[in-house]
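One structure below.
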Amino acid sequence: MTTAEARARGVRITSLPRHVAQGGIEHLDAAVIGSVGCSLTVKYANGRTQSLGQKPVRAQRVAWTWRVPRTAAPGRAIARVSCKGLATTSGNFGAFFVKRRLAPARVVVTKSGLTQVADQFGSGTTISYGLVLVNRSRNVDARDVEIDVNLLDAKGNAVAADKDFLLGGIPAGATYYFGNQVGTNDATTVTRVAAVIKVGHSAPRSLVAPVVTNLRLSADQFDGSAVVDGDVTNEGTKDLSQFAEIDAVFFNSAGNVVGGDAIGPPFSLPPGAQTAFEIDTGPGGPQASGVSQVKVSMDPDYGTF
């Protein structure tokens, strides 16, 4: 062996992603000169080790792919590559960081209700419904939330269905008031709203909900249906999408949901900007005389999810 060859002998870690979540997949590549086989041991932040076994060196390369234990301690972990016949140097070691595993956000329906009104023309009806959605996860945002709704008769048969999305989602620990209207083809009475909520993905708490202020309830001058006016302010750091819907849910004096509806903002809102809105539930909505309170939410859709 020449002097140059002796100096070249050793291990050099060439690839090791710096961050991985508990239960996630990690990968290490190393260049090896002067050995036919190497083993890998990982030491986590709490001192526990994980042995990944021995691998043969082929074309001066060796690699491991492994799953980090779900119970691995968050923090700095050290990966050590040990090779037959080679001394241990700084090239044998690599560091990465284990992040705490993110539990999926959980969104539940805590209240629902509706008003059904016969159409003035034809045999169908219009149903104004509302849902109170709560993200039970205190530190995880629910992003890209799908809302699947079935409107059921007394026997549990679906009379009508609806689907909508909150593209921004629901911030961690927040309540979202969701409303909409849907038509039916006949006069079958709907007695219940059944909703399935699907969270597209979860993310660490960061969503900033638009602020709703100056809510005012009134009656439509022609049909007496509920109307709500108010203002929304973008308190985030990015433009609020013009497709970010504004939802209203109406309650009676007993605190029961009696309907809902939605509208879009007139334009995208830059950070700090405010705009007025009006949601008129129209002839298919609940009568203002039966509404004691309204709650309004706006989808925190900043066009990036």
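The values are calculated or read from the model by the stated rules, or taken from the named source; none is laboratory data. Predicted, not measured: the structure shown is a model, and the values here were computed from it. Cβ placement follows ideal geometry from the backbone for every residue including glycine, while neighbour counts extend to all protein chains displayed.
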remark   = In segment 151-165, anything surrounded by 13 or more Cβ atoms within 10 Å (Cβ to Cβ) and over 23 Å from Asn256 (Cβ atoms) is listed as Phe165
ask   = Could we say that Val57 is at pLDDT 95 or above, surrounded by 15 or more Cβ atoms within 10 Å (Cβ to Cβ) and farther than 20 Å from Lys163 by Cβ here?
value = yes
task = Show the residue pairs that are 6+ apart or on different chains and have beta-carbon atoms under 7 Å apart, the first residue being within segment 169-195 and farther than 15 Å from Val258 by Cα, the second being of a type in the set (Phe, Trp, Tyr) and modelled with pLDDT under 95.
result = Gly169/Phe305
inquiry  = I'd like the residue in segment 183-193 that is surrounded by 17 or more Cβ atoms within 10 Å (Cβ to Cβ) and assigned to a strand (DSSP E or B) and, out of all such residues, is nearest to the chain's Cα centre (by Cα).
reply    = Val193
message = Within segment 1-35, take every residue that is surrounded by 12 or more Cβ atoms within 10 Å (Cβ to Cβ) and in a loop (DSSP other than H, G, I, E, B) and give me the one that is modelled with the lowest pLDDT.
response = Arg9
message = Can you say whether Ala79 is without any contact (Cβ under 8 Å) to a residue 40 or more places away in the chain, surrounded by 12 or more Cβ atoms within 10 Å (Cβ to Cβ) and either under 30 Å from Ala103 (Cβ atoms) or in contact with a Leu (Cβ under 9 Å, 6 or more places away or on another chain) (or both), as far as the supplied structure shows?
response = no
request  = Could you check Ser90 against (1) of a type in the set (Gly, Ala, Ser); (2) within 30 Å of Gly173 (Cβ to Cβ); (3) without any contact (Cβ under 8 Å) to a residue 12 or more places away in the chain and say which number it fails?
outcome  = (2)
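Just to be sure before I move on: is Asp119 in the same structural domain as Gly264 (by TED's automatic domain parsing), of a type in the set (D, E, K, R) and farther than 20 Å from Val249 by Cα in the structure I sent?
So Asp119 fits the description; yes.
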remark   = Filtering segment 8-50 down to residues that are without any contact (Cβ under 8 Å) to a residue 24 or more places away in the chain and of a type in the set (Val, Ile, Thr) yields Thr14, Thr49
